[in-house]
Amino acid sequence: ASTTLTRWLTKGNPMAWSNPRTWVAGETPTAAVMNQHVRDNLQFLYSRIQTGTATVTPSAPNTPTSITVTFPVPFASTPYVVASGATGVPGVTLTGVGADQETTTTFRLTITRTNTTDTVVRWMAVIP
């Protein structure tokens with residue numbers, strides 16, 4: 001669902017951020033005002049954040065294993081990526097999770113485990 005929302009909001013070129021309007025009691029907003037201060041600002045924010053999950057199957061115990069993750073929608077500039085293993089045994093069985101080699105379209109996701117169990121990793125990419 002979040003990928004669908006991201007794709008819908010980032011069609012075309014997102015508008016630039018505008019400072020949100022201070023509303024006055026009793027004011028009736030027009031479509032143009034709502035579009036500028038709500039729709040366009042949401043498009044701007046959503047064009048800068050994407051999230052997802054990826055599953056990594058370690059090649060061998062205690063061996064870093066990497067995959068390339070492709071963003072659902074390319075970014076306008078290189079984002080920062082943070083990743084976290086979906087695990088109840090962090091630091092014990094899942095001993096490492098990392099994201100690097102970010103581009104506007106992909107990043108490298110690396111995990112290390114003490115076994116070869118498939119591991120779901122949640123990630124978030126943000127343009128600062």
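The stretch between ASP40 and THR68 holds 6.9 nm of extra length on full extension. This uses 0.36 nm per residue minus the Cα-Cα distance. Less than 5 angstrom separates the built amide H of ARG113 from those of ASN62, THR63, THR95, all sequence-distant by 5 or more or on a different chain. From the coordinates of this entry, Cα Rg over 2.2 N^0.38 Å is computed, and it appears in (1) 1.39; (2) 1.10; (3) 1.20 under the label (1). The sum of -39500 (n - 2.57) across all DSSP H runs of n ≥ 4, divided by the residue count of the chain, sets its helix-only mean residue ellipticity at 222 nm to -3500 deg cm²/dmol.
Read-outs: derived from the displayed coordinates by stated rules, not from any lab. Predicted model, so just to flag it, every value in this text is computed and none were measured.
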